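One structure is given below, encoded as structure tokens.
The values are calculated or read from the model by the stated rules, or taken from the named source; none is laboratory data. Keep in mind that what you see is a predicted model, and the values were worked out from it rather than measured. Every residue, glycine among them, receives a Cβ derived from its backbone with ideal geometry; neighbour counts consider all protein chains shown. Quick note on the areas: whole protein, heavy atoms, side chains included, nothing else; ligands and nucleic acids left out. Shrake-Rupley method; radii C 1.70, N 1.55, O 1.52, S 1.80 Å.
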Amino acid sequence: MSQTPQPAHGQGEEGFATRAIHSGQEPDPSTGAVIPPIYISSTYLQDEVGVMRAGYDYARAGHPTRSALETALAAVEGADSAYTFASGLAAEDALLRAVLRPGDHIVIPSDAYGGTYRLISKVFGPWGIAHTAVDTSDPQALAEAIQPGRTRIVWVETPSNPLLGITDIAQAARVAHDAGALLVVDNTFATPALQRPLALGADVVVHSTTKYIGGHSDVIGGAVAFRKDAPLSGPAARSSDTSSLADAVKFQQFAVGGGQGPVDLYLTLRGLKTLEVRMARHCENAAVIAELLTSRLGAEAVLYPGLASHPGHEAAAQQMTGFGGMVSFRAGSAAAARRIVESTRLFTLAESLGGVESLIEYPYAMTHASVVGSQLEVPEDLVRLSVGIETIDDLVADLEQALT
Ligand SMILES: Cc1ncc(COP(=O)(O)O)c(C=O)c1O
């Protein structure tokens, strides 16, 4: 397998934006190109059998464009290492396959992203993995959902998609670790610019880099990042060549081949460079939109962790440095929700989130259609906004006309 080059920039020593812009992204030594080249080659010259120039032999195992992004992601997340995949769900899949064996159990949020639930219930279920869905913001319910000796993972998504629920990460880490389980945090909504789960006690962070990290709605990708020495335990450790969780996931990336292609890696890396400034503007715009919705619909209808009325506001204020760009609200009826999402002009009716452009969607029949009828079903009158970084007055005017 290829070796990942060591990061040239120190992790944790430099500011967030400096790490996002420079970690793993030294000028190309042979040409001086300031931006690391996109390495398209599927295979690499060996000067002698087994002697490679930079540790790369075959691109499924690794290549320089992937190393650059993985180094940068680890640096911004405060992680020891990170591995990238062809989608957020491919990243989750590799992590779950590395950790779980038939008979194991996982605790998941009752407000998880629908695709995560579908993966765990419909793909891993038939392979003998049991799950319990629970309100992870309630530490007692979380502790009660754990099956001692069988639960390997406590999975948390905070803020959650699409209900914007907040889970106290440090508290969830204590509950998981007391039971010998790993705490995995889906950090897609907050991004490392606003929240660092590993510093709060989580073992693993997962991302759909399709969203804010890519940031321009032009690429699909995912990543998994690890705290130092995150262990592999239970049956997976006994049937694996390694006791390191990160190595077990890297092995999945190599052995299964779910990595991103070089152009997608480059686009993701390019997006990451501006993550901090984009997130600041997403937060600013979302706060204005949340206030507007509160004045029009009442505080109880608006789901945004930045609002003092949100039940997770205090926990969010403690563990996040901004409240993010996602705002959901209850329109009062399914018909009203559908009418609103079909009436905006600037907010585009589309799935996904986290791009510079504002999107609006109807989770019940779009992103979360797969959980209708399950414990994770979302309300029929819910509308979700991904507030972009356009001029705020234009976004306000658009929503006002759609609400009228
Ligand atoms: C919170 C969250 N996690 C994971 C995913 C899955 O990511 P992808 O669509 O890149 O597979 C999504 C996608 O919407 C998401 O919102």
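Some notes on this structure:
- Residue within the stretch 339-357 that is acidic (D, E), surrounded by fewer than 19 Cβ atoms within 10 Å (Cβ to Cβ) and within 15 Å of the ligand (Cβ to nearest atom) present: yes
- Subset of the stretch 200-211 (residues that are under 29 Å from L385 (Cβ atoms) and either surrounded by fewer than 24 Cβ atoms within 10 Å (Cβ to Cβ) or within 12 Å of the ligand (Cβ to nearest atom) (or both)): L200, V205, V206, H207, S208, T209, T210, K211
- Subset of the stretch 362-396 (residues that are charged (D, E, K, R) and crowded, with 22+ Cβ neighbours inside 10 Å): R384
- Checking R66, R101, R150, R118 one by one, the residue that is of a type outside the set (A, V, I, L, M) and in contact with a Pro (Cβ under 6 Å, 6 or more places away or on another chain) is R101 and no other.
- Residue match in the stretch 181-192 (condition: of a type in the set (A, V, I, L, M, F, W, C), crowded, with 24+ Cβ neighbours inside 10 Å and over 16 Å from the mean Cα position of the chain (by Cα)): yes
- Condition check for S328: within 22 Å of the chain's Cα centre (by Cα), under 30 Å from V123 (Cα atoms), open to solvent by 30 Å² or more (accessible area, probe 1.4 Å) and touching a residue at least 24 places away in the same chain (Cβ under 8 Å): no
- So A223, is it outside the structural domain of I360 (by TED's automatic domain parsing) and either open to solvent by less than 30 Å² (accessible area, probe 1.4 Å) or over 25 Å from H313 (Cα atoms) (or both): yes
- Residues that are part of a loop (DSSP other than H, G, I, E, B) and either at pLDDT below 95 or not β-branched (V, I, T) (or both), drawn from the stretch 260-279: Q260, G261
- Filter pass, G261 being of a type outside the set (V, I, T), farther than 17 Å from E77 by Cβ, surrounded by fewer than 23 Cβ atoms within 10 Å (Cβ to Cβ) and in contact with a Lys or Arg (Cβ under 7 Å, 6 or more places away or on another chain): no
- Matching residues in the stretch 135-153 - criterion: being within 16 Å of the ligand (Cβ to nearest atom) and touching a strand residue (DSSP E or B) at 6+ places or on another chain (Cβ under 7 Å): T136, I153
- Of the strands (runs of 3 or more DSSP E) lying entirely inside the stretch 310-404, those carrying at least 3 residues that are aliphatic (A, V, I, L, M) are 382-386.
- Some residue of the stretch 126-134 being within 22 Å of G261 (Cα to Cα), assigned to a strand (DSSP E or B), more than 16 Å from the ligand (Cβ to nearest atom) and modelled with pLDDT of 95 or more: no
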